[in-house]
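Only one structure is covered here, and it is reproduced in the block below.
The values are calculated or read from the model by the stated rules, or taken from the named source; none is laboratory data. Every value quoted in this text rests on a predicted model; they were computed, and no experiment measured them. All Cβ positions, glycine included, derive from the backbone under ideal geometry; neighbour counts span all protein chains shown.
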Amino acid sequence: MTKKTCIIFGVSGIVGRNLAEHLVGRGDWKVIGVSRHRPPDLNGIEHRSCDLNDPDDVKQALRDLGPISCAFYATWSRQANEHANCLSNGAMFRKSRRFIPVLSGLLQS
């Protein structure tokens, strides 16, 4: 059986970790997890460490991904106010998704 491959940004958080555990438990997914630090006791994933605020770090961490079936974004960085939340988190999202199609072959729709 060929496994589908997904990437989860924010794999060390509540949503990302539970999603990773669910997909690994199904047995038909290869999970690539992205976070600043590898979450403890999360087995069965390939972890990539990077700071989503640093485009060069993201590019380095996501090199050589191979084909990706889908990407999940489940990370958040709290800022001083809602405007700053939108700016900071929006920038992290754009940086993370910018490299996936180029480095993995995932097509943008």
Quiz item: For the stretch 40-56, how many residues meet the condition of being under 13 Å from the mean Cα position of the chain (by Cα) and under 15 Å from residue 20 (Cα atoms)?
Solution: 4
Practice problem: Kindly indicate whether residue 67 is closer than 19 Å to residue 3 by Cα, outside any helix (DSSP H, G or I) and either within 14 Å of the chain's Cα centre (by Cα) or at pLDDT below 90 (or both). | Solution: yes
Self-check item: Flag for residue 34 being part of a loop (DSSP other than H, G, I, E, B), in contact (Cβ under 8 Å) with a residue 60 or more places away in the chain, buried (at least 20 other Cβ atoms within 10 Å of the Cβ) and not polar (S, T, N, Q)
Solution: no
Practice problem: Give the stretch 37-52 a look and list any residue that's more than 19 Å from residue 65 (Cα to Cα) and surrounded by 14 or more Cβ atoms within 10 Å (Cβ to Cβ), or say none. | Solution: 39, 42
Quiz item: Before we move on, is residue 99 part of a strand (DSSP E or B) and either of a type in the set (S, T, N, Q) or touching a helix residue (DSSP H, G or I) at 6+ places or on another chain (Cβ under 8 Å) (or both)?
Solution: no
Quiz item: Only one of (1) modelled with pLDDT under 90; (2) out of contact with any Pro (no Cβ under 7 Å at 6 or more places or on another chain) is not met by residue 20, so which one is it?
Solution: (1)
Quiz item: Can you name every residue in the stretch 9-28 that is buried (at least 20 other Cβ atoms within 10 Å of the Cβ) and over 19 Å from residue 96 (Cα atoms)?
Solution: 23
Quiz prompt | Test for residue 61: is it among the small types (Gly, Ala, Ser), out of contact with any Ser or Thr (no Cβ under 7 Å at 6 or more places or on another chain) and either within 20 Å of residue 15 (Cβ to Cβ) or modelled with pLDDT of 85 or more (or both) | solution = no
Quiz prompt | Residue count for the stretch 1-36, restricted to those that are among the β-branched types (Val, Ile, Thr), in contact with a helix residue (DSSP H, G or I) (Cβ under 6 Å, 6 or more places away or on another chain) and under 10 Å from residue 74 (Cβ atoms) | solution = 2
